[in-house]
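Here's the structure we're looking at; comments come further down.
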């Protein structure tokens, strides 16, 4: 399963550029990203190709972060696809607390019950990255 990082940055010009450049210099590619700013902080949710290197970079920069396992699900770019997926997960008692698009036509799902969500996705005939 992909690892999602939740990272807190300053909400100032150049903060995202600095992080992106630092990860890029270490060969870390950002596969998915969602960010929101609130007053003086920006909170990023991101999935990268090399979580171990990203952890070292965040620690070296002194950035607060959390990690968790998420699902990366291949979805069709068609009306109603997300609604069907969300409905099936809801019917199974799985709560989605984060959702955002990845660079490769995948949707990233942060869920309350990862194994149950993976079973639903499999039952729907969708693919997810392990």
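Of everything in the stretch 24-39 that's over 30 Å from residue 118 (Cα atoms) and without any contact (Cβ under 8 Å) to a residue 24 or more places away in the chain, which residue is surrounded by the fewest Cβ atoms within 10 Å (Cβ to Cβ)?
So, considering only residues that are over 30 Å from residue 118 (Cα atoms) and without any contact (Cβ under 8 Å) to a residue 24 or more places away in the chain, the one surrounded by the fewest Cβ atoms within 10 Å (Cβ to Cβ) is 25.
Would you call residue 57 in contact with a helix residue (DSSP H, G or I) (Cβ under 7 Å, 6 or more places away or on another chain) and modelled with pLDDT under 95?
Yes: the conditions hold for residue 57.
Restricting the search to the stretch 92-113, which residues are more than 22 Å from residue 30 (Cβ to Cβ) and touching a residue at least 24 places away in the same chain (Cβ under 8 Å)? Quick ask: steps written out before the conclusion?
First, pick out the residues of the stretch 92-113 that are more than 22 Å from residue 30 (Cβ to Cβ): 92-95, 112-113.
Hits for the stretch 92-113 are 92, 94.
For residues in the stretch 40-57 being over 12 Å from the mean Cα position of the chain (by Cα) and assigned to a loop (DSSP other than H, G, I, E, B), which is surrounded by the fewest Cβ atoms within 10 Å (Cβ to Cβ)?
Step by step, filter the stretch 40-57, then rank; the result is 40.
Out of (1) in a strand (DSSP E or B); (2) touching a residue at least 60 places away in the same chain (Cβ under 8 Å), what's the single condition that is false for residue 1?
Residue 1 satisfies every listed condition except (1).
Quick one: which residue in 9, 19 is modelled with pLDDT under 95, crowded, with 16+ Cβ neighbours inside 10 Å, assigned to a helix (DSSP H, G or I) and outside the structural domain of residue 109 (by TED's automatic domain parsing)?
It is 19.
Testing residue 78 on (1) outside any loop (DSSP other than H, G, I, E, B); (2) exposed (fewer than 15 other Cβ atoms within 10 Å of the Cβ); (3) without any contact (Cβ under 8 Å) to a residue 24 or more places away in the chain; (4) not assigned by TED's automatic domain parsing to the domain that holds residue 46, one condition comes back false. Which one is that?
If we test residue 78 against (1) outside any loop (DSSP other than H, G, I, E, B); (2) exposed (fewer than 15 other Cβ atoms within 10 Å of the Cβ); (3) without any contact (Cβ under 8 Å) to a residue 24 or more places away in the chain; (4) not assigned by TED's automatic domain parsing to the domain that holds residue 46, just (1) comes out false.
What about residue 60, is it out of contact with any strand residue (DSSP E or B) (no Cβ under 7 Å at 6 or more places or on another chain) and surrounded by 14 or more Cβ atoms within 10 Å (Cβ to Cβ)? Step through it out loud before you land on a result.
Details: out of contact with any strand residue (DSSP E or B) (no Cβ under 7 Å at 6 or more places or on another chain): yes; surrounded by 14 or more Cβ atoms within 10 Å (Cβ to Cβ): no.
Considered against the rule, which asks whether it is out of contact with any strand residue (DSSP E or B) (no Cβ under 7 Å at 6 or more places or on another chain) and surrounded by 14 or more Cβ atoms within 10 Å (Cβ to Cβ), residue 60 comes out as no.
The values are calculated or read from the model by the stated rules, or taken from the named source; none is laboratory data. Every value quoted in this text rests on a predicted model; they were computed, and no experiment measured them. Every residue, glycine among them, receives a Cβ derived from its backbone with ideal geometry; neighbour counts consider all protein chains shown.
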